[in-house]
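Heads up: the structure comes next, in structure tokens.
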Amino acid sequence: MRDRAGGYQLLEALVGAAIIMLTAGFLLPPLLRLADGRRVRLAAAELTGVLREARSNAIRHNCRVGVKFLVEDKQVRWTLYRDGDGDGVLNRDIDSGVDPPLGLPRTLTHLGRHVRFGFPPGAPPRDPGDPRRRMRRLDDPIRLNRSDIASFGPLGGSTPGSLYVTDSNHHLAAVRIFGRTGKVKVLRWDAIEDRWR
């Protein structure tokens, strides 16, 4: 099927292009899902680092330290605050300046354009604290009491709660904070098996 000049004919080139496009069509969606899952895992790891930094500061400074997340458009920023009056890190004390920041607000790298606080569409996941029940209030992905501040004490204990991050498609991770110890654990939701891993 070669012409005299040694080149390929148009038909061969079209068949080759069609094979490449079909192969890419089959391989691209799974590769994109893998990339989305990786973004969610990176965001969860980054949140874990922020929470551990807050806990470390509370122990080092021998006072309550809270981390507050601020979601603006497609960016998530966080700031550490020190308890200034002994009643814990509170929003009203932050707003009035009683609880001072321990530095400037910082932006999270892996939360923003592709990954956000929230839940994917579809059936609600099981509650990580009680897997017999489904989660309610899927409009609240930052579950740290009513203040949305993760607060750590000088002995390492903390506000118990969870932060949920998703790619808005089907990946979901929960960053869980255990109150008594202040330890942080990441769980990944497996919608196919209907359980947290």
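Every read-out reported here was derived from the displayed coordinates using simple, explicitly stated rules and does not represent laboratory data. Just so it is clear, the structure is predicted and the values come from calculations on it, not from any experiment. Here the Cβ positions follow ideal geometry from the backbone for every residue, glycine too, while neighbour counts run over all protein chains shown.
Miscellaneous remarks
- Highest-fluctuation residue, Ala123, Ala173, Ala18 considered, GNM on the chain with Cα pairs under 10 Å: Ala18
- Rounded tilt (10° steps) of 10-61 against the dominant C-alpha axis of the chain: 10 degrees
- Qualifying chymotrypsin sites (Phe, Trp or Tyr not before Pro) in the stretch 110-197, DSSP loop, other Cβ atoms within 10 Å at most 15: Phe178
- Note on Arg132 and Arg180: the model spin-label points, each 7 Å out from Cα along the C-beta direction, lie 2.1 nm apart.
- Net charge of the neighbourhood of Thr107, taken over other residues with C-beta under 10 Å away and scored Lys/Arg +1, Asp/Glu -1, is +1.
- Cβ-defined net charge surrounding Val89, 15 Å radius [Lys, Arg +1; Asp, Glu -1]: -2
- Distance between modelled label sites at Asn169 and Asp190, nm, 7 Å Cα→Cβ extension: 2.0 nm
- HN-Hα J in Hz across the stretch 160-171 - Karplus 6.51, -1.76, 1.60, θ = phi - 60°, x for Gly and Pro: x, x, 9, 10, 10, 10, 9, 9, 6, 10, 8, 8
- Peptide ranges 48-55, 82-89 listed from the most packed, as the mean C-beta count within 10 angstrom indicates: 48-55, 82-89
- Spin-label model, Ile59 to Asn145: label points 7 Å out along the Cα-to-beta-carbon direction sit 2.1 nm apart.
- Sequence ranges 165-171, 97-103, ranked by mean other-Cβ count within 10 angstrom, highest first: 165-171, 97-103
- Expressed to the nearest 5 percent, the antiparallel share of DSSP beta bridges inside the stretch 45-192 is 95 percent.
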